[in-house]
Amino acid sequence: MKVLVTGVAGQLGHDVMNELDRRGYEGIGSDVGETYSGIADKTPVTRMPYVSMDITDPEAVNRLISDLAPDVVVHCAAWTAVDLAEDDDKVEKVRAVNASGTEHIARACRDNGCKMVYLSTDYVFDGQGEIPWDPDCRDYKPLNVYGQTKLEGELAVSSLLEKYFIVRIAWVFGKNGNNFIKTMLKLGKTHDTLRVVNDQIGTPTYTFDLARLLVDMIETEKYGYYHATNAELSPAPGGFTPEGCKTGYISWYDFTKEIFRQAAALGYPEYLPEHTRVIPVTTAEYGVSKARRPFNSRLAKDKLEKNGFVPLPDWQDALARYLKELDLSQLS
């Protein structure tokens, strides 16, 4: 199987390429740069074939996909700077990448008979209520430019193709690039108090785990919409929960507390509560954000098991593995 992966300079594309290599598939990475510009971590992605592709150029996209003739395109490339997307001078650029760029890839996949995987987001919904969003829910009400353009990408894929997987994720973290965990760890070294919102609820997604699931998917023809984040921690038999851990869905505040708890347990005392105090605040109290954020980022994932896929492990386990991948002493 030959797989073209867009956005390999980002967190998920990096891990998808490495997962393809682990399984012996032919992976070809692409991004807008002339050469691979992701982390130089000596993993297979740094040595695998790479092609430059501007997804906003429909002719270039169609020509490249026609020439490469992949069996699958895993489309990870996106504009993900949510607040910056709200600037008037950025809106059309965001739409060119997230909506038009996705449409160009979907058309090329249709014309060349490829399967397509499109990574989307909980931001296509309005984030209200407390019920987890079902992957087949069509009650779309995006709150911001990022969510609206990702929805437009979804609609392009579903209208042009039959062989597609639309996979919504949330709160993404991975080795290659910046994310919430790295930001909190850096701030924890320089601040004695951090204010973190506690009224936005969901679960995070580790790209290493997600990459495994995506490759599982493209080995099948079980097309459609899916939700894929790391699982909520369930109480152990008898209701016991490990000290400091929270069961069920979590807030960004809960996530930060667990990040610091695990970092301190790894031998970094600067993350102990007596050194860095984490204070829960509401979104309104926190302020500063240009883009409206969803309060309800809960994503229902039971469709994965119903269709025979192995869900992602629980998020505490994912966080523990991720922190061991990082050199916390070098974060600044």
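The values are calculated or read from the model by the stated rules, or taken from the named source; none is laboratory data. Fair warning: this is a prediction, and the values are worked out from it, not measured in the lab. Every residue, glycine among them, receives a Cβ derived from its backbone with ideal geometry; neighbour counts consider all protein chains shown. These accessible areas exclude ligands, DNA and RNA; they are computed on the full protein's heavy atoms, side chains included. Shrake-Rupley method; radii C 1.70, N 1.55, O 1.52, S 1.80 Å.
Structure data summary
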item: For the chain: accessible area per residue (Å², 1.4 Å); result: 44 Å²
item: Calculated [θ] (222 nm, deg cm²/dmol) that DSSP helices of n ≥ 4 give over the chain, each run adding -39,500 (n - 2.57); result: -10000 deg cm²/dmol
item: Karplus-derived 3J(HN,Hα), 6.51/-1.76/1.60, for each residue of segment 14-24, Hz, glycine and proline x; result: 4, 6, 5, 4, 5, 5, 4, 4, 4, 9, x
item: Amide proton proximity set for ASN230, modelled H, under 5 Å, gap of 5+; result: THR205, TYR206
item: Phi to ³J(HN,Hα) by Karplus 6.51 cos²θ - 1.76 cosθ + 1.60 over segment 47-54, Hz, x for Gly, Pro; result: 10, 6, x, 9, 10, 7, 8, 8
item: Ranking by accessible area, most exposed first, for LYS182, LYS257 with a 1.4 Å probe; result: LYS257, LYS182
item: Placed amide H near ARG195: partners under 5 Å, 5+ positions off or other chain; result: ILE279
item: Spin-label pair VAL51/LEU187, simplified geometry with 7 Å Cα→Cβ offset, distance in nm; result: 4.1 nm
item: Solvent-accessible area, 1.4 Å probe, carbon plus sulfur percent, for the chain; result: 50 percent
item: 5 angstrom amide H check on LYS141, placed H, neighbours 5+ away; result: PHE125, ASP126
item: From phi via Karplus (6.51, -1.76, 1.60), per-residue ³J(HN,Hα) for segment 277-285 in Hz, x at Gly/Pro; result: 8, 9, 10, x, 9, 7, 4, 5, 5
item: Set LYS42/LYS93; LYS182/LYS324; LYS163/LYS301 screened for pairs whose C-alpha atoms are more than 24 Å apart; result: LYS42/LYS93
